[in-house]
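The values are calculated or read from the model by the stated rules, or taken from the named source; none is laboratory data. Given the structure is predicted, the values throughout are model-derived calculations rather than measurements. In this analysis, Cβ positions are derived from the backbone assuming ideal geometry, glycine residues included, and neighbour counts consider all displayed protein chains. Accessible surface areas use protein heavy atoms only, side chains included; no ligands, DNA or RNA. Shrake-Rupley method; radii C 1.70, N 1.55, O 1.52, S 1.80 Å.
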Amino acid sequence: TVMGEISALLAAGAYTVANGGAKSAEELVDVVFRNTLSELAELIAEHKDSVSFDERLQYLKPVFHGRLESLTDLLLKDEKSPELAGKIKAAKQRLEAIAETARPAGARFKLEPKSDLEREADSLVPVRKLWGSYSLGRVPKKVRKERDLATFSSWSYDDNAPIFWADGKRSILQIQWLVGQEQGKVPKLEKLMTLFRTLEEYDYFSLEKR
């Protein structure tokens with residue numbers, strides 16, 4: 001989905017940089033909508049089960065909305081555009097209507113902890129103290145090796161994806177789910193717990209109980 005998001009905007013990238021402003025942003029609503037609609041069509045085609053459809057939609061819906069809302073960044077300083085706001089709202093509503101029309105009948109997805117480890121992970125919320133990607137330079141090499149973090153790199157998106165998803169509100173269990181949805185492979189919860197406890201120990205993060 002990260003690549004999908006990039007692809008959805010790349011075709012218009014040079015144009016937006018060159019022009020900007022409300023008119024360009026309004027035109028791009030249609031570009032982003034069409035690209036997003038193709039991803040929604042893939043979701044509908046690939047997920048016939050109600051629970052798996054809803055699980056994927058719960059991940060993709062904020063991504064879709066975020067793409068559209070990001071177009072307001074193209075407005076010039078102090079520029080306002082009720083027309084742009086209206087087009088973005090209408091595009092969101094159209095996408096939601098299509099998704100609901102295509103939704104298979106049946107139960108919806110709910111992320112619930114099923115084991116003691118999952119319950120522990122769901123009770124802990126990582127809160128950043130430092131921004132950006134991490135190389136774990138504060139963590140001694142011996143500790144990184146013992147905890148299977150020796151190759152952790154600030155250049156690796158895969159390594160840093162759990163950190164990027166940590167917004168100070170999501171639990172470690174929720175972060176595991178989001179990384180799995182984004183990358184198509186669910187990281188081991190034990191490894192995530194080790195990562196965030198290490199980040200807490202070396203003052204990159206705090207872990208708040210919820």
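Of note:
- With respect to the stated conditions, G184 is at pLDDT below 95 and within 13 Å of the chain's Cα centre (by Cα).
- Count of region 52-84 residues which are part of a helix (DSSP H, G or I) and open to solvent by 50 Å² or more (accessible area, probe 1.4 Å): 8
- Conditions (1) closer than 30 Å to A45 by Cβ; (2) more than 22 Å from the chain's Cα centre (by Cα); (3) of a type outside the set (D, E): number failed by L95: (2)
- Residues (of a type in the set (S, T, N, Q) and without any contact (Cβ under 8 Å) to a residue 12 or more places away in the chain) located in region 116-155: T151
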